[in-house]
Amino acid sequence: MEEEAYELIKRAGEKGILQSELWKILKTNSREGSRIAARLEKKGQIRREKVLYKGRWTYKLIPIKTETKEVQWTTLNGCPCFTCPNIRECKLGSAITPANCKELTNWILKLIKKNSNEINQ
Ligand code: SF4
């Protein structure tokens, strides 16, 4: 029921959902519902915001954004390993290793610089 509650809260988005509404949808009582909300809050998945609704204080449940940038294949464009003649010999502990490869290091540094420029724009 916890996962179902979290999905419903996520679907409500930024505006959140009143806990009483959620308990109705989940067909549970406020005692069990409050336990679920407390667990989700403890896990850092939601936050509870105290709101006045129809003259009574209650809580609105709001999802906490956990945006993760999706990794795409285009991120690997230009990676020197794909065309490297040494790829079969390259491994940790070997003379040819990613740990001291200038080409790989330069490519990663360029990628970091490009991403930080995009973030700052
Ligand atoms: S880390 Fe360097 S040496 Fe190893 S496969 Fe990639 S480009 Fe080649």
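The values are calculated or read from the model by the stated rules, or taken from the named source; none is laboratory data. Every value quoted in this text rests on a predicted model; they were computed, and no experiment measured them. Positions of Cβ are generated from backbone atoms using ideal geometry, with glycine treated the same way; all protein chains shown enter the neighbour counts.
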- Subset of the range 2-24, residues loosely packed, with under 12 Cβ neighbours inside 10 Å and at negative phi, comes to Glu3, Glu7, Arg11, Glu14, Lys15, Lys24
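Yes/no per residue for (1) outside any loop (DSSP other than H, G, I, E, B); (2) within 10 Å of the ligand (Cβ to nearest atom); (3) at pLDDT below 90:
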site: Glu67; (1), (2), (3): no, no, yes
site: Val71; (1), (2), (3): no, no, yes
site: Thr75; (1), (2), (3): yes, no, yes
site: Ile87; (1), (2), (3): no, yes, no
site: Cys90; (1), (2), (3): no, yes, no
site: Ile96; (1), (2), (3): no, yes, no
- Ile46 fails exactly one of the following numbered conditions: (1) in contact with a Pro (Cβ under 6 Å, 6 or more places away or on another chain); (2) more than 16 Å from the ligand (Cβ to nearest atom); (3) free of Cβ contacts under 8 Å to residues at least 40 places away in the same chain. What is the number of that condition? (3)
